[in-house]
Amino acid sequence: MPIRDTAALLVCAGNASRMGGIQKILHPLGESSVLIHALRSFCRCESIAELVVVCRAQDIPDFRSLIAEAELPMPVQIAAGGETRQQSVRNGFAEISAACSYVAIHDGARPLILPADIERVIAQAHECGAATLGVPVKDTVKIVRDGIITETPVRALLWNTQTPQVFRRSLYEQAVQLAAAQGKDYTDDCQLVEALGVPVHMTQGDYSNIKLTTPEDFAVAEALLRNRNGGN
């Protein structure tokens, strides 16, 4: 049986510049909202002990209201985001209690994350200290400079990284301290740990764990959700 020693940290502090100004995390999805879909998936995981949501300071009242209406089986702490993603994660990380020895950092804009995948990547992190969900790329990827293809990486080696990304708490703290000392600000939490020279294990996830980035992504998410619910 999984040990309930992991804090889920949902990062929702982006400005939604590619979403046309829509606050995508609070936006309806199916019969619920993007945020609540993600939170409910983590609530279903036996490894999760705490939930922390990081959002823009001006959005905190709306987040509190939506979470209260959802009547989740687990309390949710809310922290104000920073100017960058790394700063936002750091603010949320500060709210995690000492009882949690692992942290699962998740994009709030990935509402279709499956509880089984969350548990699998947490289990992998317990074995090696750091793990992330991901899926093999389906397309051939080209490296382009000044409009010219300069390289074609081997597709079998390429993966799309997803979240949650799960780390042993002490390891992540070391990575944050190193980044601060070097003046680095990363957009991906795996990069923080990679900079320590610590390997991050890639755990196969599901292609339905999409990130809502542009308006058309909502149509895809709605279709995936209907498919999960048997077409309803």
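For this structure, a couple of remarks:
- Within the range 121-144, the set of residues being within 15 Å of the chain's Cα centre (by Cα), surrounded by fewer than 18 Cβ atoms within 10 Å (Cβ to Cβ) and assigned to a helix (DSSP H, G or I) is empty.
- Any hit, the range 66-89, residues being in a helix (DSSP H, G or I), touching a Phe, Trp or Tyr at 6+ places or on another chain (Cβ under 9 Å), surrounded by fewer than 22 Cβ atoms within 10 Å (Cβ to Cβ) and not aromatic (Phe, Trp, Tyr): yes
- Of the residues making up the range 52-65, just one is of a type in the set (A, V, I, L, M), under 17 Å from Thr84 (Cβ atoms) and assigned to a strand (DSSP E or B), namely Val54.
- If you go through the range 80-89 and keep only what is closer than 18 Å to Asp189 by Cα and of a type in the set (Gly, Ala, Ser), you end up with Gly81, Gly82, Ser88.
- Residue in the range 91-109 that is among the charged types (D, E, K, R), surrounded by 18 or more Cβ atoms within 10 Å (Cβ to Cβ) and either outside any strand (DSSP E or B) or touching a Leu at 6+ places or on another chain (Cβ under 6 Å) (or both) present: no
- Which numbered condition Thr150 misses (of (1) over 24 Å from the mean Cα position of the chain (by Cα); (2) not in a strand (DSSP E or B)): (2)
- Contacts under 7 angstrom Cβ, first residue in the range 203-217 being over 30 Å from Cys128 (Cβ atoms), partner modelled with pLDDT of 95 or more, 6 or more apart: Asp217/Ile210
- Residues of the range 86-100 satisfying the condition of being within 9 Å of Val54 (Cα to Cα) and touching a residue at least 40 places away in the same chain (Cβ under 8 Å): Ser88, Val89, Gly92
- The range 156-185, subset closer than 27 Å to Ala99 by Cβ, within 16 Å of the chain's Cα centre (by Cα) and hydroxyl-bearing (Ser, Thr, Tyr), residue surrounded by the fewest Cβ atoms within 10 Å (Cβ to Cβ): Tyr172
- In the range 181-215, the qualifying residues are those that are closer than 19 Å to Gly82 by Cα and in contact with a helix residue (DSSP H, G or I) (Cβ under 9 Å, 6 or more places away or on another chain), and the one that is modelled with the lowest pLDDT is Thr187.
- Test: residue in the range 24-31 that is more than 14 Å from the chain's Cα centre (by Cα) and over 24 Å from Tyr207 (Cβ atoms): yes
The values are calculated or read from the model by the stated rules, or taken from the named source; none is laboratory data. Because the structure is a prediction, the values reported are computed rather than measured. Because the Cβ atoms are built from the backbone with ideal geometry, glycine has one as well, and the counts that use them run over all protein chains shown.
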